[in-house]
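Below: one structure, written as structure tokens.
The values are calculated or read from the model by the stated rules, or taken from the named source; none is laboratory data. The shown structure was predicted, so the numbers you read here are calculated from the model rather than taken from an experiment. Cβ: placed from backbone, ideal geometry, glycine included. Neighbour counts: every protein chain shown. Ligands, DNA and RNA are excluded from the accessible area calculation, which covers all protein heavy atoms including side chains. Shrake-Rupley method; radii C 1.70, N 1.55, O 1.52, S 1.80 Å.
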Amino acid sequence: MPYSINNGVKTYYEVAGEGPPMVMLHGSTWDHTLWLYQMAHFSTWFRCIAPDVRCFGRSDKVTTAFTYQDVVADLIGVLEQEDVKGAILLGGSLGSRLSVSLAHAAPDRIAAAVVYGANTQASPDGKSDADKRRLERIRRYREGDLGEAYKWQLTRGLTDDFKASPLGQYIVEMVMEKVPWLNGPAIPNLYEAASKNDLQPLLREIQAPFLVVSGEHDNSLELARDTARRLANARHTVLKDTGQHCGLENPAGFDALVIEFLSEQGLMPKA
Amino acid sequence: MPYVTRDGVRTHYVTAGEGPAFVFLHPLPFDHTVYSYQLSHFSTWFKCIAIDFRGFGRSDAVTTKYGLGDLCDDVLAVCTAEGVKEAVLLGTSIGSKAVLQLGLDRPDLFKAVIAVGAGNKPAKDHGQRVEAYRTEGRDGFHPKHLASVVTDEFAASPLGAYLLGTMLERGRALGMSGEAMARSVGAAHDRDLRPRLPSMSVPLLVINGEHDNSLPGGTETAKLVANARHEILADRGHACCLEDPAGFDALVIDFLTQHAMMPKTASPA
């Protein structure tokens, strides 16, 4: 399966389906597995491309400091290698930030985006709730056991019902089985890099239409609503009974929202 | 996305992951996406190769008659194209019949085989399904066929309805044809494997859902093959890989571990 190399850093990605491009960007902690339902479903109409962000999955574990722009460049490298133009982006959590950055940096490559967990606020004084959570994540990775820190972060965006269900446990365990691939000190580099980057000035400049989805129980719901307000061409919608990772917990509901939005935008291929 | 062409017929397949080869053969009336959970999971340790049989997914909709042997040769053509020297092989329903045939014919290539369903002779009622695809067409019969291979409970659940619904969408969007699907049903029921099964030498795991119509056939298959292992997933139907991925995968992992074919989780290079 393919790798793209940007400045010596390898990014692994999977490809499924045929048609216009759809690129799926996971959050911090997960890997492309987050999108298993959407890869199977949208590969019906699209060429789906799901990278592993650096430090996760099969991509390089970068233990030296790097910038958020380095991560964006990794993904632009994948888009260039796959000759992507006019893509639909799906982005969750950190993937929603990366979607904003790609739509801003490479507007000819991005036609529209559907994002969830879309908190785009930065807080330089480290006092916001989101910042406190980030600092706690970093502390767990630097001071604690890698497996425990990873599992804590993995399950944070999931509802208690899903975590307790046999299917939820199976999916979490599937991702946990890849912990031997990870490098503990590399992971906080990603959080540090993302935190130093303020996306809000970019939002009003982005012309591509965005659908901002929030699971009803996502604690970043109000921040996502704010993101949608600041984007030039976006609307916000709430998916009931799910946590942050709504594509995983409620693929039927999430996919229906994506299809409705793409149909409205004239971006849903005809059968 | 990858295709191989053999005798003018294109077979589509997908690959995921890195490691020893693990080939997946879907049941009717699904395509390779029925194994989405397994591809996500086993790609951690294996190069997974999931094939669309002719008439399904993106493979050619062949409307002339062919047999199980043709499907097996399509599978071998994919293995050749991917440079496979040794593989684990898993198939459900029609896929399980191909698994049994290939396990008998190519023990040099397939080192451990898993047959889900594992019927070993033509089903008495298969002619009805052939007719139904011809008279009702894809849009008339595909929904009924899909519903018949899962439990009612699964089909009625939100997730089950979504998964079956996405397969119906694929049928329409990819232009699958009722005639081609009818031909595929015919190929699944063209031979009696029982005379050769006692000579099967590769390790075999037979899996049946408790409510699987193939349970009697699978039980018979497991008895005919020396050293075969038979596992039954309680409360599940024919497509148990979809209904109970946790239980299904655990059986596969246990079987492969038993035969020292389960790789350790290495660090990627």
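Residue pairs whose Cβ atoms lie under 8 Å apart, sitting 6 or more positions apart in sequence or on different chains, and linking a residue in the stretch A:260-271 that is in contact (Cβ under 8 Å) with a residue 24 or more places away in the chain to a partner that is of a type in the set (V, I, T) and part of a helix (DSSP H, G or I), are A:M268/A:I259.
Annotation: of all residues in the stretch B:167-211 being closer than 30 Å to B:R229 by Cβ and in a helix (DSSP H, G or I), the one that is nearest to the other protein chains (Cβ to nearest Cβ) is B:M167. For A:L102, the requirement of being within 14 Å of the chain's Cα centre (by Cα) and not hydroxyl-bearing (S, T, Y) is met. Against the list (1) more than 14 Å from chain B (Cβ to nearest Cβ); (2) within 19 Å of A:G117 (Cα to Cα); (3) under 14 Å from the mean Cα position of the chain (by Cα), the condition A:L75 fails is (2). Taking (1) under 16 Å from the mean Cα position of the chain (by Cα); (2) at positive phi in turn, A:D241 satisfies each apart from (1). Kindly indicate whether any position in the stretch B:123-134 is over 27 Å from B:I49 (Cα atoms) and buried (at least 24 other Cβ atoms within 10 Å of the Cβ). Checked the stretch B:123-134: at least one residue is over 27 Å from B:I49 (Cα atoms) and buried (at least 24 other Cβ atoms within 10 Å of the Cβ).
Yes/no per residue for (1) over 26 Å from A:Q153 (Cβ atoms); (2) among the small types (G, A, S):
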| site | (1), (2) |
| --- | --- |
| A:S214 | no, yes |
| A:H217 | no, no |
| A:E222 | no, no |
| A:T227 | no, no |
| A:A232 | yes, yes |
| A:V238 | no, no |
| A:H245 | no, no |
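Here A:A232 does not fit the description of being open to solvent by less than 20 Å² (accessible area, probe 1.4 Å) and away from chain B (no Cβ under 14 Å). Set side by side, the residues A:S220, A:S263 differ, and just one is hydroxyl-bearing (S, T, Y) and open to solvent by 40 Å² or more (accessible area, probe 1.4 Å), which is A:S263.
Tallying residues that are more than 10 Å from chain B (Cβ to nearest Cβ), without any contact (Cβ under 8 Å) to a residue 60 or more places away in the chain and open to solvent by less than 10 Å² (accessible area, probe 1.4 Å) within the stretch A:1-51 yields 4. Please work out if A:T63 is of a type in the set (S, T, Y), buried (at least 24 other Cβ atoms within 10 Å of the Cβ) and more than 9 Å from chain B (Cβ to nearest Cβ). It is false that A:T63 is of a type in the set (S, T, Y), buried (at least 24 other Cβ atoms within 10 Å of the Cβ) and more than 9 Å from chain B (Cβ to nearest Cβ). Scanning the stretch A:57-72 for residues that are of a type in the set (S, T, Y) and modelled with pLDDT under 95 gives A:T63, A:T64, A:T67, A:Y68. Among B:V99, B:V113, B:V88, which is over 19 Å from B:I232 (Cβ atoms), open to solvent by less than 30 Å² (accessible area, probe 1.4 Å) and either under 14 Å from the mean Cα position of the chain (by Cα) or modelled with pLDDT of 95 or more (or both)? Residue meeting the stated conditions: B:V88.
Of all residues in the stretch A:171-188, those satisfying the criterion of being open to solvent by 20 Å² or more (accessible area, probe 1.4 Å) and either among the charged types (D, E, K, R) or part of a helix (DSSP H, G or I) (or both) are A:E173, A:M176, A:E177, A:V179, A:P180. Going through (1) in contact with a helix residue (DSSP H, G or I) (Cβ under 7 Å, 6 or more places away or on another chain); (2) more than 22 Å from A:E222 (Cα to Cα); (3) open to solvent by less than 20 Å² (accessible area, probe 1.4 Å) one by one, A:T120 falls short only on (2). Could you tell me which residue of the stretch B:1-41 is farthest from the other protein chains (Cβ to nearest Cβ), considering only residues that are open to solvent by 10 Å² or more (accessible area, probe 1.4 Å) and among the acidic types (D, E)? Looking at residues that are open to solvent by 10 Å² or more (accessible area, probe 1.4 Å) and among the acidic types (D, E), I get B:D7.
Among the conditions (1) within 12 Å of chain B (Cβ to nearest Cβ); (2) open to solvent by 10 Å² or more (accessible area, probe 1.4 Å), A:T242 misses just one, which is (2). In the stretch B:212-221, the residue that is nearest to the other protein chains (Cβ to nearest Cβ) out of those that are in contact (Cβ under 8 Å) with a residue 24 or more places away in the chain and assigned to a helix (DSSP H, G or I) is B:G218. Tell me, yes or no, whether the stretch A:127-149 has at least one residue that is small (G, A, S) and within 14 Å of another protein chain (Cβ to nearest Cβ). Within the stretch A:127-149, one or more residues are small (G, A, S) and within 14 Å of another protein chain (Cβ to nearest Cβ).
Residues in the stretch B:229-269 that are surrounded by fewer than 19 Cβ atoms within 10 Å (Cβ to Cβ), in a loop (DSSP other than H, G, I, E, B) and of a type in the set (G, A, S): B:A234, B:A260, B:A266, B:S267, B:A269.
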